[in-house]
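All remarks here apply to the structure that follows.
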Amino acid sequence: MSECGPAPSGAAPLPFFELVAAPQWQAIEFISDLHLGEHTPDTFRAFEHHLLNTDAQAVLLLGDVFEVWVGDDAADSGFELRCAQLLQAVARRLHCAFMAGNRDFLLGPRLLQRCGVQELPDPTVLAAFGTRTLLTHGDALCLGDVDYQRFRAMVRTPQWRESFLAQPIAVRREQVRRLRDASEARKRGSRPEDYADVDAALALQWLRAAAAPVMVHGHTHKPGSGPLEPSGAYLRHVLSDWDLEDPDRPRAEVLRLTAQGFERRRLARHPGDRPGVLP
């Protein structure tokens, strides 16, 4: 593996961090945007069941696994402790790696190391099955969301992080709750198709710099696959968000990579249900 630091907003470092698939890996799965919390018991159970039963040899979590993460010291009790215990159990049976998203960027390397989970910089190049795939959460590429990019630049500084984590957990939770409420208020009245998508020009710049023909990302909650430019030389796969609390619109998909290529799998709503492979 070659290493580099995380990418600043709007730019990718060179060389990219590279994750080289182990020879014994036959299937790699990508998951993001579960937004897990105490308010998502059905989604958490489906996630837990899948991770403890998948036949993949590697699962790469590409951000926003948690709705909020106020610091690793919160993982000593409650829901966060349950999440840490799950990651530990998963890491004992397969290769598990985590890339921070905009909701859980405060999940730190010390906790990941304790759980046996590999930390992935954003972006990372995955070298597997004879091809290179660029992995990113996706938020740094959404340049059209100008307000968010300003916010992202502020909260990713060491100064902001140190100041925030120095506060009591209860104070942090309240601050995050207010930020989340304000974000949800801005979204009300907007349609999902109106949300900012990745900037195609910047995405192509990253792909060319990484010598990778394929990008996998989450963040936008617009699952699908297709070309990034007219020739079809560069493709992207957008990961699904998960929500099994909504009985009218349940969503839970895993993107899976094998030597035969990519496929999407819709997961069962309840353990014991039969999952489906999407076209």
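Where residues in the stretch 258-269 are surrounded by 12 or more Cβ atoms within 10 Å (Cβ to Cβ) and not in a strand (DSSP E or B), which of them is modelled with the lowest pLDDT? So that I can check it myself, show each step before the final result.
The initial filter retains those residues of the stretch 258-269 that are surrounded by 12 or more Cβ atoms within 10 Å (Cβ to Cβ), namely 258, 262-269.
Narrowing the set further to residues that are not in a strand (DSSP E or B) leaves 267-269.
Numbers: LEU267: 86, ALA268: 65, ARG269: 60.
So the residue we want is ARG269.
Please go through the stretch 14-27 and pick out each residue that is touching a Pro at 6+ places or on another chain (Cβ under 8 Å) and either loosely packed, with under 12 Cβ neighbours inside 10 Å or in a strand (DSSP E or B) (or both).
Within the stretch 14-27, PHE17 is the sole residue that qualifies.
Report whether or not LEU255 is buried (at least 16 other Cβ atoms within 10 Å of the Cβ), under 22 Å from PRO123 (Cα atoms), in contact (Cβ under 8 Å) with a residue 40 or more places away in the chain and not acidic (Asp, Glu).
Spelling it out, LEU255 is indeed buried (at least 16 other Cβ atoms within 10 Å of the Cβ), under 22 Å from PRO123 (Cα atoms), in contact (Cβ under 8 Å) with a residue 40 or more places away in the chain and not acidic (Asp, Glu).
Restricting the search to the stretch 54-64, which residues are surrounded by fewer than 21 Cβ atoms within 10 Å (Cβ to Cβ) and among the acidic types (Asp, Glu)?
Passing the criteria: only ASP55.
Output the residue which, of all residues in the stretch 220-243 that are of a type in the set (A, V, I, L, M) and in a loop (DSSP other than H, G, I, E, B), is surrounded by the most Cβ atoms within 10 Å (Cβ to Cβ).
Here the answer is LEU239.
For every residue, the table says whether it meets (1) β-branched (Val, Ile, Thr); (2) assigned to a strand (DSSP E or B); (3) surrounded by fewer than 18 Cβ atoms within 10 Å (Cβ to Cβ); (4) in contact (Cβ under 8 Å) with a residue 24 or more places away in the chain.
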| site | (1), (2), (3), (4) |
| --- | --- |
| GLU29 | no, yes, no, yes |
| ASP33 | no, no, no, yes |
| GLU38 | no, no, yes, yes |
| LEU52 | no, no, yes, yes |
| ALA74 | no, no, no, yes |
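Of the conditions (1) of a type in the set (A, V, I, L, M); (2) assigned to a loop (DSSP other than H, G, I, E, B); (3) more than 20 Å from LEU239 (Cβ to Cβ), VAL198 clears all except one; give me its number.
(3)
From the set of residues in the stretch 128-152 that are in contact (Cβ under 8 Å) with a residue 40 or more places away in the chain and assigned to a helix (DSSP H, G or I), which is nearest to LEU165 (Cα to Cα)?
ARG152
Any residue at all in the stretch 76-86 that is outside any helix (DSSP H, G or I) and surrounded by fewer than 18 Cβ atoms within 10 Å (Cβ to Cβ)?
Yes: the stretch 76-86 contains one or more residues that are outside any helix (DSSP H, G or I) and surrounded by fewer than 18 Cβ atoms within 10 Å (Cβ to Cβ).
Identify, by number, the condition in (1) within 29 Å of GLN57 (Cα to Cα); (2) loosely packed, with under 13 Cβ neighbours inside 10 Å that ARG150 doesn't meet.
(1)
Among the listed residues LEU255, LEU204, LEU165, which satisfies the condition of being aliphatic (A, V, I, L, M), under 25 Å from ASP55 (Cβ atoms) and modelled with pLDDT of 95 or more?
Working: LEU204 fails: under 25 Å from ASP55 (Cβ atoms); LEU165 fails: under 25 Å from ASP55 (Cβ atoms).
The match here is LEU255.
Within the stretch 90-127, track down each residue that is crowded, with 19+ Cβ neighbours inside 10 Å, part of a strand (DSSP E or B) and aliphatic (A, V, I, L, M).
ALA97, MET99, LEU120, VAL125, LEU126
The values are calculated or read from the model by the stated rules, or taken from the named source; none is laboratory data. The model shown is predicted, which means the values in this text are computed figures rather than measured ones. Cβ coordinates were reconstructed from backbone atoms using ideal geometry, including for glycine residues, and neighbour counts include every protein chain displayed.
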